[in-house]
1. Assuming 0.36 nm per residue, please report the length gained on full extension of the stretch Ser133 to Leu42 beyond their Cα-Cα distance.
2. Of all DSSP beta bridges in the chain, what percent run antiparallel (nearest 5)?
3. Rounded if a/c is under 1.5, else prolate if a/b is larger than b/c, else oblate: which is the chain, with a ≥ b ≥ c the root eigenvalues of its Cα gyration tensor?
4. Which whole-number value in Å³ per residue fits the convex hull of the alpha carbons of segment 111-227?
5. Modelled label-to-label distance, Thr94 and Arg180, 7 Å Cα→beta-carbon offset: nm?
6. By its C-alpha gyration tensor, with a ≥ b ≥ c as the square roots of the eigenvalues, how is segment 166-225 shaped: rounded for a/c under 1.5, else prolate for a/b larger than b/c, else oblate?
7. Okay, helix-only estimate at 222 nm for the chain: each DSSP H run of n ≥ 4 adds -39500 (n - 2.57), divide by all residues, round to 500 deg cm²/dmol; what do you get?
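Read-outs throughout are calculated quantities, based only on the coordinates presented, and are distinct from any laboratory measurement. These numbers were taken from a predicted model, which means no experiment stands behind them. All Cβ positions, glycine included, derive from the backbone under ideal geometry; neighbour counts span all protein chains shown.
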Amino acid sequence: MEGDDANEQEQVEATGKNVEEAIENGLYDLDLERHEVEVEVLSEGRAGLFGIGGEQAKVRLTQITFETPEGDAVEFAHETLKELLELMDLEAETTVRAPETPGDGIGLVQAVLDVTGEDMGVLIGRRGGTMASLQYLVNLMVSRKYRGEAPFSVDVEGYRRRREESLEDLAHRSAESVRRNGRPVTLEAMPAYERRIVHLILSKDPTVGTASVGEGDSRKVRISVRR
């Protein structure tokens, strides 16, 4: 995902030995997760005789964008989150708001479910890992009841906003290093939503471009001089 391409909606056509592999290749190119795209199967492909004359599967992936939250699903997500917190024996306040920034997941999620309270560090976890698991559970339950609904973002004590500010500072400092030295800078491994933030922060910088490199949980953002 180069800098100028990190806009509000992305689309790509991808191929593979089968439809699933083509989808995975497209997700890699877009640097998005499966729930963040719509998939159109252009060709299911076919096997050739003795490996000759076959045709690869081809798909078109389009990033999903969402606008206003739908009431029933939002309420269900909110109640689900509160029940999960009760099961974890945690006393916390929960509120719902519209996403405002890339860190919130604007354009990708219906709403942000904010959690506040005392000693919430245990709910955030290392690098937000526990919070991410909680978000996954909420979205899993919502998707079973409301198929096709946009996912929700869970934030604990403003962690996502603080992390976004930290990533913004890191992105600008790294871009300055690239401009000064002319050598690419590769950031630490990050989850997809954090890589997206870096891409968006630098998308309008005319001097540098960004791309995701690596595989799986080890994917990183590389910043280099724009050619």
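1. Details: separation 91, 0.36 × 91 = 32.76 nm, distance 3.38 nm.
Full-extension gain reported as 29.4 nm.
2. 85 percent
3. The shape class here is oblate.
4. Details: hull volume 14.9 nm³, N = 117.
Normalising the Cα hull of segment 111-227 by residue number yields 127 Å³.
5. 4.6 nm
6. Values: a/c = 1.88, a/b = 1.49, b/c = 1.27.
Because a/c hits 1.5 or more and a/b exceeds b/c, segment 166-225 counts as prolate.
7. Taking each H run of at least 4 residues, the total per residue is -12000 deg cm²/dmol.
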